[in-house]
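The values are calculated or read from the model by the stated rules, or taken from the named source; none is laboratory data. As the structure is a computational prediction, the values presented were derived from the model and not from experiment. We place every Cβ from the backbone using ideal geometry, glycine too, and count neighbours over all the protein chains shown. The protein model used for the area step is the full one, side chains on, heavy atoms only, and it has no ligands, DNA or RNA in it. Shrake-Rupley method; radii C 1.70, N 1.55, O 1.52, S 1.80 Å.
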Amino acid sequence: MDVMEHRRCPLRTWLALLAVLALAVAGCTSDEPNGVGSGLSDLDFDVVLAPLSADSADGFAALEITDPDRPVDDQEVLYLGQEDGFSSSILVNFSFDDIFNEDHPESLFTAENIKSVKLSLTKLRFYGTAAPDSADTNGAPVGDVATIYYSIHELDAPFDSLAVPGPVPPSDGRELSRDPLAEFGNEPLIPLYEDDFLSWLDAGGERGFVISAGAGSDPGLVGFASRELDSFGELEDLAVGSIVAPNLVVEFESGEVNFLLPPVADSSTFDGVPAAPTDPDAGFVVRTGLRSYPVFRFDFSGLPANVLINRAILAVTNDTTTSFGNLHSLVVSELPVDLYEEPADTLSLEDLAQGVYVVTGQTSMDPALNRTIRFDVTQAVQRLVNHVYEGERGLVITAGEDFAPLYDQGSIDPEFYLSQFDFLGFAAADSLERPHLEITYSLSGDLSGEGE
C-alpha cells in the first residue's frame, strides 16, 4: 500500500487501530493517570478526518444566503470592475422632471451659461484614493489605487430594480464620457457633454445610465457609495452638502452654486458572479456581500465506545492569491442538516440565524493575508459524538453576523463589503495543507463497554 492508499484507508479502520494502540500503551506505561488519560501527555492521537476517505466528510453544501431586507438594489455599496470571475457595472436612474427651484431657476440652464456637466461618484475609503497631483506622465494615478477608465452609456430604458443582479441592460452604445481619466481621488468627476444634458433636460422624464470600467482599467472590484449609504464612517471626509450617491454636477459660468442632481435609483449589476463550488474536493468559499457559506457534515460513527474528546480543531487553508476584500470575522456554528439540501441550497439569513448554535470564531481575518485558519470546535464535536441533539448537525462557516455578537465587529454587516475567502479543497495537492478536522481523544473504559 503506497502513501496515497494509506491516506485513504477507511476511517473506522484507522480509529480502531488507534484505539487498540491506546489500550496497549496504557497497559504497559508506568505513567500516573492524568486529566486526559494515561500516557496521553506523550501520545497525541490526531485523527485527520477529511483527507482519509470520502466517509470522513459525510456531506457538504454551499449555502446561498438571502436577505429580503437588503436586496441588491438596496445595498449601501455600488461595485464596479472585474475580479476573479466577478464583474459588475453601476446602474443609475435620473429624473429630469421638476428639477428647477428658487436657487436654480430654469433660466440658468442654457448652453451659454452651463460651464460643465460631470458625473460624480464617491469611493469608499477601503478601496484607496489618489490625489490628482499623484498621477504619472500618462495621467493615471500612482500607488495601489486601481486605475479606472469610466465608460458611461445611456440605457434604452431606466433599469428595473427587479432585474438585478443580472446582465447589463441594453444601451445605445454611444460613449457619454468626454475624458474617462480626467480626475481621480475619492470623488471622481467624469466630464459629460453639456449638449447631452440639455437634451435630457428638454425631454424630461426618467432616464437610465450604466457606468462601467472600460478598456485599460486595472482588474479589481471597487466600491462606491449608493443612495442607500448609511455607514458614512466608511468614506473619507467630505465637504458639507455633498451627495455621496452617483449624481450629476452642473457648474455655471455665471458663478451660481453648482446644481446637484441625485439619482432616483441605483444598483450594482453583478452581471458576473461565480457559482460557489459544490464539491468540497475542489474547494469551498466564504463570501460576503452576496453571501455564500459552506457547511460540512462529518461521520463520527467510527469512534470507539467510551471515547473522550480532548480536542477537536477544524483547520482550513485560504488561497491568499485569489481571495479578496476587506477584513472579516469567520465564525463556526452548528447547523441542523434538516434546514438545507446538499450539495447546494438557498437559505434566508433569518432562517440561518434561528438555526445556528455559535461555537467559535476568529476576528479580523484578511482574505489576502491569512492562510491557515484553525477553529477550536472541541465542544461542538463533544456534543455531536455524545448525541446531545436529535437529528444530525453540520458545521457551517459564516462571517461575523448579528447572531454571533462576540464576532460581529463594528457597525458594518457582512452584506456591506463584497469579499471572498477561497479555501483549498480536500483533494488539494500533497504539498498544501488540506482542510481537515483533527480529533485528539482518549478512552474512559475498555472496548467491551466498561466504564459507560
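Side notes on the structure shown:
- Residue count for the stretch 292-320 satisfying the condition of being modelled with pLDDT under 95 and not in a strand (DSSP E or B): 8.
- Under the condition of being of a type in the set (A, V, I, L, M, F, W, C), surrounded by fewer than 15 Cβ atoms within 10 Å (Cβ to Cβ) and closer than 27 Å to D74 by Cβ, the residues counted in the stretch 240-259 number 1.
- Selection status of N326, open to solvent by 20 Å² or more (accessible area, probe 1.4 Å) and under 22 Å from I65 (Cβ atoms): yes
Residues are listed down the side, and each one gets a yes or a no for (1) modelled with pLDDT under 95; (2) closer than 27 Å to S323 by Cβ:
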{"position": "G166", "(1), (2)": "no, yes"}
{"position": "E183", "(1), (2)": "yes, no"}
{"position": "G205", "(1), (2)": "no, no"}
{"position": "G208", "(1), (2)": "no, no"}
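- Among residues of the stretch 79-114, those that are within 42 Å of the chain's Cα centre (by Cα), among the charged types (D, E, K, R) and not in a loop (DSSP other than H, G, I, E, B), counted: 1
- Flag for A399 being open to solvent by less than 30 Å² (accessible area, probe 1.4 Å), within 15 Å of R291 (Cα to Cα), touching a strand residue (DSSP E or B) at 6+ places or on another chain (Cβ under 6 Å) and not β-branched (V, I, T): yes
- For the stretch 371-387, the condition holds for no residue, the condition being that it is among the acidic types (D, E), at pLDDT below 95 and assigned by TED's automatic domain parsing to the domain that holds I439.
- Filtering the stretch 188-215 to residues that are open to solvent by less than 60 Å² (accessible area, probe 1.4 Å) and not in a strand (DSSP E or B) leaves P188, E194, D196, F197, L198, S199, W200, L201, G204, G205, G214.
- One residue stands out in the stretch 330-348 among those that are under 19 Å from the mean Cα position of the chain (by Cα) and surrounded by fewer than 21 Cβ atoms within 10 Å (Cβ to Cβ): the one that is farthest from D413 (Cα to Cα), namely A344.
- Of all the numbered requirements in (1) modelled with pLDDT under 95; (2) over 28 Å from G289 (Cβ atoms), P188 misses one, and that requirement is (2).
- Screening T363 against (1) farther than 25 Å from G59 by Cα; (2) β-branched (V, I, T); (3) surrounded by 18 or more Cβ atoms within 10 Å (Cβ to Cβ) leaves a single unmet condition, (3).
- When the criteria are applied in full, P263 fails the requirement of being over 25 Å from A163 (Cβ atoms) and open to solvent by less than 30 Å² (accessible area, probe 1.4 Å).
- Selected residue (criterion: least open to solvent (accessible area, probe 1.4 Å)) from residues of the stretch 158-184 that are without any contact (Cβ under 8 Å) to a residue 60 or more places away in the chain and out of contact with any strand residue (DSSP E or B) (no Cβ under 6 Å at 6 or more places or on another chain): L181
- No other residue among D44, D58 is in the same structural domain as I309 (by TED's automatic domain parsing) and either modelled with pLDDT under 95 or in contact with a helix residue (DSSP H, G or I) (Cβ under 8 Å, 6 or more places away or on another chain) (or both) apart from D58.
- Against the test of being open to solvent by 30 Å² or more (accessible area, probe 1.4 Å) and modelled with pLDDT under 90, the options D218, D136 yield a single qualifying residue, D136.
- So V381, is it within 16 Å of S333 (Cβ to Cβ), surrounded by 20 or more Cβ atoms within 10 Å (Cβ to Cβ) and touching a Ser or Thr at 6+ places or on another chain (Cβ under 8 Å): no
- Selection status of V222, farther than 28 Å from L418 by Cα and in a strand (DSSP E or B): no
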